[in-house]
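Student: First the structure, then my questions, so here it is.
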Amino acid sequence: MKTPLLIFNDNGIYCSQAAVYIDAWKPVDNCIITHGHADHSRWGHKNYITHNKNVPIIKHRLGEINVTGKEWGETFTINSVKFSLHPAGHIVASSQVRVEYKGEVWVFTGDFKTENDGIAEPFELVKCNTFITECTFGLPAFKWTPQSEVFENINNWWAENKAENKTSILFGYSLGKAQRLLKHLDPSIGKVYTHGAIENMTEVLRANYDFNETTRITRDTKKQELLGNIVLAPPSAHGGTWIRKMVPYVTASASGWMTFRGARRRRAIDRGFVLSDHADWDGLLTTVKETGCSTVIATHGYTEIFSRYLREEMGLDARTEKTQYEEENSEVAIKKEGEEES
């Protein structure tokens, strides 16, 4: 029986022909990294390969590592296997990995979204035979509103809070979501203040991306300075001592999970804005169809439901594989972010 081009083992997703892993979750010799989130770019690999713009991101998070940067679409060959990186649209510098050997093409998406958010490199459709896809939001209930409408609502919320002389605190993951929010906040309303974790990451990214001006919150920042303005903070900051000096404030979270009212209630958030850096149900299905693939492997999210739909409704060879990637803003991811960035 023919060995699959990519296999899933205890260390991660492995190409045995090239002796290379993709987004391995245990330390390995050679690893291609799709993006900078902690569940996909782990510490301990001997050699890292990633997109050029992701190099400073993972160095910021992992320290001095042996890393090689590649351009979009640049082909690099390892033991006759051709690899290339293509924009995933998930967050800044996020990649899909195309793998080709003897005319067979596999694509690993990492995490992706199909809506152009105006900051991350827009998603690029890559034709393939086998498509390895996330399905973090792989349920019909998840259908995203165009981001222009979401940001209109966010900016209106901020303006309303300003009129009441309250501080607006908006929670979003320190890499990706925070910069997307920053890109589309209306600076005419007021000043944008940032938690140290978000400011540190944004400083790393400013060399390659254009953002609004921000002001880091320090111990010397006075409550009166914040009134009427907006604060961007990671979810891990909610409920901590850091936030108490900002009273009176109003909180909100920007996440795909805000689709469900219960998620907002469990996190004790005043307002929820449905804004995800992952594809929704329609985006997932459209992408699978347009790749022209015959085989789909669903990795993290609603894998069983999504793969069953692909089999029964689209006639595809679809199955699931377990990984150690975490869903956006999961409790585990929030805890880890707090440990890394606090």
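Student: Is segment 54-61 home to any residue that is over 23 Å from Thr130 (Cβ atoms) and free of Cβ contacts under 8 Å to residues at least 24 places away in the same chain? Quick ask: steps written out before the conclusion?
Tutor: Going residue by residue through segment 54-61, those that are over 23 Å from Thr130 (Cβ atoms) are 54-61.
Those still in the list that are free of Cβ contacts under 8 Å to residues at least 24 places away in the same chain too: 55, 59.
Within segment 54-61, one or more residues are over 23 Å from Thr130 (Cβ atoms) and free of Cβ contacts under 8 Å to residues at least 24 places away in the same chain.
Student: Here is a follow-up. List the number of the failed condition for Arg216; all other conditions in (1) touching a strand residue (DSSP E or B) at 6+ places or on another chain (Cβ under 7 Å); (2) surrounded by 15 or more Cβ atoms within 10 Å (Cβ to Cβ); (3) basic (Lys, Arg) hold.
Tutor: Of the numbered conditions (1) touching a strand residue (DSSP E or B) at 6+ places or on another chain (Cβ under 7 Å); (2) surrounded by 15 or more Cβ atoms within 10 Å (Cβ to Cβ); (3) basic (Lys, Arg), the odd one out for Arg216 is (2).
Student: So the check is Cβ under 9 Å with 6+ separation or different chains; which pairs have a first residue in segment 119-136 that's within 25 Å of Leu181 (Cα to Cα) and a second one that's of a type in the set (A, V, I, L, M) and surrounded by fewer than 20 Cβ atoms within 10 Å (Cβ to Cβ)?
Tutor: Cys135/Ile305
Yes or no, residue by residue, for (1) of a type in the set (Gly, Ala, Ser); (2) modelled with pLDDT under 95:
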{"residue": "Arg271", "(1), (2)": "no, no"}
{"residue": "Leu284", "(1), (2)": "no, no"}
{"residue": "Thr295", "(1), (2)": "no, no"}
{"residue": "His300", "(1), (2)": "no, yes"}
{"residue": "Leu310", "(1), (2)": "no, no"}
{"residue": "Arg319", "(1), (2)": "no, no"}
{"residue": "Ser330", "(1), (2)": "yes, yes"}
{"residue": "Lys336", "(1), (2)": "no, yes"}
{"residue": "Glu341", "(1), (2)": "no, yes"}
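Student: I'm trying to understand the selection: among the residues of segment 247-268, which are surrounded by 21 or more Cβ atoms within 10 Å (Cβ to Cβ) and in a loop (DSSP other than H, G, I, E, B)?
Tutor: Ser255
Student: Just give me the residues in segment 26-49 being touching a strand residue (DSSP E or B) at 6+ places or on another chain (Cβ under 8 Å), assigned to a loop (DSSP other than H, G, I, E, B) and of a type outside the set (D, E, K, R), in sequence order.
Tutor: Of everything in segment 26-49, those that are touching a strand residue (DSSP E or B) at 6+ places or on another chain (Cβ under 8 Å), assigned to a loop (DSSP other than H, G, I, E, B) and of a type outside the set (D, E, K, R) turn out to be Val28, Ile33, Thr34, His35, Ser41, His45.
Student: Filter segment 190-246 for residues that are hydroxyl-bearing (Ser, Thr, Tyr) and out of contact with any Gly (no Cβ under 9 Å at 6 or more places or on another chain); which is farthest from Thr167 (Cα to Cα)?
Tutor: First, the residues of segment 190-246 that are hydroxyl-bearing (Ser, Thr, Tyr): 193-194, 202, 209, 214-215, 218, 221, 236, 241.
Imposing the further condition that a residue be out of contact with any Gly (no Cβ under 9 Å at 6 or more places or on another chain) reduces the set to 193-194, 202, 209, 214-215, 221, 241.
Values: Tyr193: 10, Thr194: 12, Thr202: 21, Tyr209: 27, Thr214: 15, Thr215: 14, Thr221: 13, Thr241: 16 Å.
Step by step, filter segment 190-246, then rank; the result is Tyr209.
Student: Which of the residues belonging to segment 140-184 are surrounded by fewer than 23 Cβ atoms within 10 Å (Cβ to Cβ), aliphatic (A, V, I, L, M) and in a loop (DSSP other than H, G, I, E, B)?
Tutor: Ala141
Student: Would you be able to say whether some residue in segment 274-282 is over 27 Å from Asn212 (Cβ atoms) and at pLDDT 95 or above? Break it down into steps so the answer makes sense when it comes.
Tutor: In the first step, residues of segment 274-282 are kept if they are over 27 Å from Asn212 (Cβ atoms); the result is 281-282.
Of the ones still in play, those that are also at pLDDT 95 or above are 281-282.
Yes: one or more hits.
The values are calculated or read from the model by the stated rules, or taken from the named source; none is laboratory data. Just so it is clear, the model here is predicted, and its values are computed rather than measured. Every residue, glycine among them, receives a Cβ derived from its backbone with ideal geometry; neighbour counts consider all protein chains shown.
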